[in-house]
1. Collect the residues in the range 280-299 that are open to solvent by 10 Å² or more (accessible area, probe 1.4 Å) and either more than 16 Å from the ligand (Cβ to nearest atom) or at pLDDT below 95 (or both), keeping them in residue-number order.
2. Just a yes or no: is a residue in the range 418-428 touching a Lys or Arg at 6+ places or on another chain (Cβ under 7 Å) and at pLDDT 95 or above?
3. Quick one: would you say ALA99 is under 18 Å from LEU15 (Cβ atoms) and in the same structural domain as PRO162 (by TED's automatic domain parsing)?
4. Would you call SER342 assigned by TED's automatic domain parsing to the domain that holds PRO433, part of a helix (DSSP H, G or I), among the polar types (S, T, N, Q) and within 12 Å of the ligand (Cβ to nearest atom)?
5. I'm trying to understand the selection: among the residues of the range 154-185, which are surrounded by fewer than 20 Cβ atoms within 10 Å (Cβ to Cβ), part of a helix (DSSP H, G or I) and within 23 Å of the chain's Cα centre (by Cα)?
6. Please state which one of GLU248, GLU203, GLU262, GLU242 is assigned by TED's automatic domain parsing to the domain that holds GLN49 and more than 30 Å from ARG82 (Cα to Cα).
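The values are calculated or read from the model by the stated rules, or taken from the named source; none is laboratory data. Since we're looking at a predicted model, the values are computed, not measured. Glycine gets a Cβ as well: all are built from the backbone with ideal geometry, and neighbour counts include every protein chain shown. These area figures cover heavy atoms from the full protein model, side chains too; ligands, DNA and RNA do not enter into them. Shrake-Rupley method; radii C 1.70, N 1.55, O 1.52, S 1.80 Å.
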Amino acid sequence: MNAPETLPTTSDMRLTTLPTGVRRPGYERTTLDVGMAHLGVGAFHRCHQAEFTDDALEAKFGRWGVVGINIRPPRLADTLGRQHGIYTRLLRDGDSVDARVIGCLKAVVDSQDSSDAAVAVLASPDIDVVTMTVTEKGYCHQPATGAIDAAHPDIVHDLAHPDSPRSVPGLIVRALERRMQSHGLPVTFVSCDNIPANGVILESVVRAVAARCGAELMRWIDGNVAFPSTMVDRIVPATAPEDIAFVEHTYGYRDDAVVVGEPFRQWVIEDRFAGRTPPWAVAGATFVDDVTPFELIKMRVLNATQTSLAYLGLIAGHEHTFDDMTDPVLTAIVRRMLTEESLPTLPPVPGVDAIAYLDQSFARLRNTAIRHRNHQIATDGSRKIVQRILNPIRERLEAGGSVERLTLVVAAWMFYLVSASKRFGERWTVEDPFAAEAARIADQVGRDAAGLVAGFLAHDSIFDRALAGRPEFRSDVARHLDGLLAPDPVGYLRRIAGE
Ligand code: CS2
């Protein structure tokens, strides 16, 4: 979309002419040199790591400009590219709005058609750190085990054609090989996706591909590449046309890369870098020896609440998380699930009280200015449910505890998937790598809860064998799915909430 003639567009040259309500970068952007790359420039990156980097640059200026790379849609050239990398980030809470232009993205690169451009950036001697948000499915791993999915079509392709990689692990390996063969400078890959031990998983999928390239590369990786794990947190829904219109009407310029998030943010980073470390600590990021407890509480409380509310909320006919939060049936179920079933599985988190964390998470999710759609959170559920819901279930069952409400969420997820099938009336469209298989199971089995559960549980990339084999798990999920498939699923939820 082109900017109307009468309005200025955001661009480098216009930073000085932005209206007073919009904060500009507090450093001299024209002298900022590049030191980092980011893979997967979506809303979350623009509203999280990029903001931390801008804060860090304001406090301690250095060579930490970012090159943003997309290897999947959308193309960046038409939005950020036209705006020289700058964009507006809005933080919203109720009626309050904080507008700021972020300046650290110095260049954007589209590498959707060929990996060459992305490899060139990642292999550049200027790049010391690569942050990435490529979504759960970008790792090409098996969620249940964390191991690489060797049958993944992109991995199969990359092993056969290492010079033209399509997968993220294949791309990284190609870039590492180029680094080893040219300048040999160390590099750190900072995974910022919501998967447990994200650095460990990234390292394992990269090594699984690199092993095919020979021992020399494996040895070079040992000495020169780091994959710290991190926990990232800020709720950032997909940007809506209304957000772009809001900036246009309120501040008088057109910005096609606007991003909207909540005020809360957190970043906990494992202190394990191969070369230079960006000064994110001065911006409030926490560097620790072990990210695990922070990751677990975030995924099992905040993210598990979002996932549970998304599926239960869609059954109850709600659109957004904040709508779900006004439904006392849903909040009662989820609060009890967390306090009685999920929290007991968590290790102590340094400096964090689990109940206070839960209350804070609920308060964040009530923010009506954050229009996070249930369908957006439900997307790729097969890649989210393991760390958010199934792992706590496994640990609870091993400890002899009940999983009444966690299994309700598993059933609600299955209900969501089967509802998209022909046999169940194509109630909505589901985006998930598992969607087609789920629809096949639904069409084949029909309205038989135990049969559907058996069909789902046979997929050991999601349900590990030990969990799938537990009779109490199967029967709890089947009982709930039966209740949800009955004519009055909301009545079923009401009964569970009242128990
Ligand atoms: C959400 C997350 O869509 C989702 O899966 O649960 O994007 C969530 O908003 C972030 O992890 C919050 O930090």
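1. ALA281, VAL282, ALA283, PHE287, VAL288, ASP289, ASP290, THR292, PRO293
2. Yes, there is a match, as at least one residue in the range 418-428 is touching a Lys or Arg at 6+ places or on another chain (Cβ under 7 Å) and at pLDDT 95 or above.
3. Taking the combined requirement at face value, the residue satisfies it.
4. So SER342 fails the test.
5. ASP154
6. Just a single option satisfies the conditions, and that option is GLU203.
For (1) modelled with pLDDT under 95; (2) under 24 Å from GLY94 (Cβ atoms); (3) buried (at least 19 other Cβ atoms within 10 Å of the Cβ), each residue gets a yes or a no:
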residue	(1), (2), (3)
LEU314	no, no, yes
GLU319	no, yes, no
LEU330	no, yes, yes
ILE333	no, no, yes
LEU338	no, no, yes
ALA356	no, yes, no
GLN360	no, yes, no
ALA378	no, no, yes
SER382	no, no, yes
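Here's the yes/no breakdown for (1) open to solvent by 50 Å² or more (accessible area, probe 1.4 Å); (2) within 16 Å of the ligand (Cβ to nearest atom); (3) outside any loop (DSSP other than H, G, I, E, B):
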site	(1), (2), (3)
ARG219	yes, no, yes
ASP222	yes, no, yes
PRO237	no, yes, no
PRO263	yes, yes, no
TRP267	no, yes, yes
PRO278	no, no, no
VAL301	no, yes, yes
TYR311	no, yes, yes
